[in-house]
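Written below as structure tokens is the structure these notes are about.
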Amino acid sequence: MSQQFDVVVIGGGPGGYVAAIRAAQLGFSTACVDATKNPEGKPSLGGTCLNVGCIPSKALLQSSENFHAVQHDFAKHGISVEGAQMDVAKMLARKNDIITKNAGGISFLFKKNKVANIHGLAALKGRQNEKWVIEVADNGAVVDTLEATHVIIATGSSPRQLPGLATDNQIVLDNEGALALTAVPARLGVIGAGVIGLEMGSVWKRLGADVTILEAAPTFLGAADQQIAKEAFKTLTKDTGLDIKLGVKIGEITKADNGVVVNYELNGEAVKAEFDKLIVSIGRVPNTQGLGGANVNLQMDDRGFIVVDDHCHTNLPNVWAIGDVVRGPMLAHKASEEGVAVAERIAGQKPHVDFGVIPWVIYTSPEIAWVGKTEEQLKAEGIEYKKGTSGFAANGRALGLGQAQGTVKILACAKTDRILGLHMIGPMVSELVTEGVVSMEFKAASEDLARIVHAHPSLSEVVHEAALAADKRALHG
């Protein structure tokens, strides 16, 4: 006998589990089907983000930054520490404990909101009597059959593989393997200078690895504002010590039991590099395998993404798709907001998600964050703008923290003063960027932000000063 639901969500990541909770809050009988298991083989909600992505990477970044501070920064505070050592096993255990607690928290929220938590791999089988039929399999055997009026696909994404090189997570690593190294490699190679490559490279560099990052693009962080990107490149190479090579053409890669050899071309010269471990972080691809899309003629594009309209509706009646499996940025918070929006659309509401006001963050040290248009985009689009910049170098709070590096830049329309972008590198800018998000959502001008009283001393004063600078009335610069 099939279980009957108003809404079935396929995928329990940050898009799926949030969609399921919101649907249940709106009065729909809801189930969430997820196949993720933890290293012990137990179901673990939260998707890639919680299990092998956003959350564990931040745990390791914090551990590595603490270790670096003990070695290099505490002495400035009059704190003497000798013989500091990193227990990698304990660091990983802490990371795993955070994952377990968060996954348990999602399970609790499902119980609280009466969401049916079903473990397994879901596949669309067809439609009967205006209900979608979904089979759930575990270890290859069908364990459940569900029927739903609405289906929300939130199956996420997986690491893109380098052609001809198999990921074994022993020598050649993806994000999952990079988060589970049991010892610090002497020589670590990273292919790809994106978010994952920079964050994981930073972790293991601070713990003692010699890290080389190979990036095919000729520019660093091409999606970011280039003033901020250039400052980030200088800081990450000079202060963090990452060896970042741009414009690399990867050639033959040979894997052995004790390492890997990467042949590449840089500036027309052939280079041979040997590494103990190699992280491959060249992007991600949508998870649609095993979903049963072909059974129901679900439309997908030539890159494997599910085709949706502006409201996340697919070509099939009452079938929706959100997050990494559809167009738009592959960001956990984007997936969550789409999940909420779809649940509310099913309920007849009219929510809106503005892709132009979604924040981006790279959690290196210093952090990099932005929202809205870059200066390069404004120039290309012929939009007249003005800008204001301010730095953390003279900020009292940043100096007290010992993290007085970085810049904040505000871009505003030259005619209306409406804020068009906020770009920053510095301490805790992952939090500060929300000032720009809120301001842009409410169509604020740079003068509005400049006239808001900011606490003193605080890091947010640098945002305030940048807003003042946009009107050429900076007080501290």
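The values are calculated or read from the model by the stated rules, or taken from the named source; none is laboratory data. Since this is a predicted model, take the numbers as computed values, not measurements. Heads up, the Cβs are rebuilt from the backbone with ideal geometry, glycines too, and the neighbour counts pull from every protein chain shown. Ligands, DNA and RNA are excluded from the accessible area calculation, which covers all protein heavy atoms including side chains. Shrake-Rupley method; radii C 1.70, N 1.55, O 1.52, S 1.80 Å.
Remarks
- Alpha carbon Rg of segment 198-276, scaled by the compact-globule rule 2.2 N^0.38 Å: 1.17
- Working from Cα pairs under 8 Å separated by at least six residues, relative contact order for the chain is 14 percent.
- Peptides ranked, highest mean first, by Cβ atoms within 10 Å: ranges 77-85, 361-369, 57-65: 361-369, 57-65, 77-85
- Tail beyond 19 Å, pair distance distribution of segment 133-199 (Cα, percent): 55
- Under 5 Å between amide hydrogens, built in the peptide plane, is the criterion, and for Val143 it picks out Val136, Ala137, Asp138 among residues at least 5 positions away or on other chains.
- Global form of the chain, assessed from the alpha-carbon gyration tensor, a/c cut-off 1.5: oblate
- D_trans [Stokes-Einstein, Kirkwood Rh over alpha-carbon pairs] for segment 102-172, 10 °C, 1.306 mPa s, µm² s⁻¹: 103
- Using equal-weight Cα scatterers in the Debye expression, the normalised intensity of segment 358-477 in log10 at q = 0.13, 0.23 Å⁻¹ is -0.44, -1.35.
- Restricting the trypsin sites (Lys or Arg not before Pro) of segment 92-176 to loop positions (DSSP other than H, G, I, E, B) with no more than 16 neighbouring Cβ atoms within 10 Å leaves Lys114, Arg160.
- Distant-in-sequence amide contacts of Leu45, defined by a placed amide H-H separation under 5 Å and a gap of 5 or more residues or a different chain, comprise nothing.
- One way to sum up the overall shape of segment 61-100 is the equivalent ellipsoid from its Cα gyration tensor, whose semi-axes run 24, 10, 7 Å, largest first.
- Dipole of segment 64-118 [Lys/Arg +1, Asp/Glu -1 at C-beta], most positive-end residue of Ala93, His72, Gly105: Gly105
- Shape call, segment 269-340: gyration tensor on alpha carbons, a/c limit 1.5: prolate
- Entries in Lys230/Lys272; Lys245/Lys415; Lys245/Lys379 that, when Cα-Cα distance is taken, lie over 29 Å: Lys245/Lys415
- Here the convex hull built on the C-alpha positions of segment 300-378 has a volume of 117 cubic angstrom per residue.
- About the Cα centre, charge dipole magnitude for the chain (Lys/Arg +1, Asp/Glu -1 at Cβ), debye: 520
- Entry note: segment 23-156 has Rg to Rh equal to 1.18, where both radii use alpha-carbon atoms and Rh is the Kirkwood radius.
- Mean ellipticity per residue at 222 nm, deg cm²/dmol - from DSSP H runs of n ≥ 4 across the chain, formula -39500 (n - 2.57): -9000 deg cm²/dmol
- Only protein atoms count toward the accessible area here, which uses a 1.4 Å probe; on the chain, the carbon and sulfur part of that area reaches 51 percent.
- Taking all protein chains into account, the per residue accessible area for the chain stands at 47 Å² (1.4 Å probe).
- Exceedance of the 26 Å cut-off in Cα-Cα distance is limited, within the set Lys131/Lys350; Lys101/Lys238; Lys249/Lys334, to Lys101/Lys238; Lys249/Lys334.
- Span-like helix ranges in the chain, DSSP H, alpha carbon extent 30 angstrom or more, Kyte mean at least 1.0: none
- Cα centroid of segment 236-293 to Cα centroid of segment 120-159, whole Å: 36
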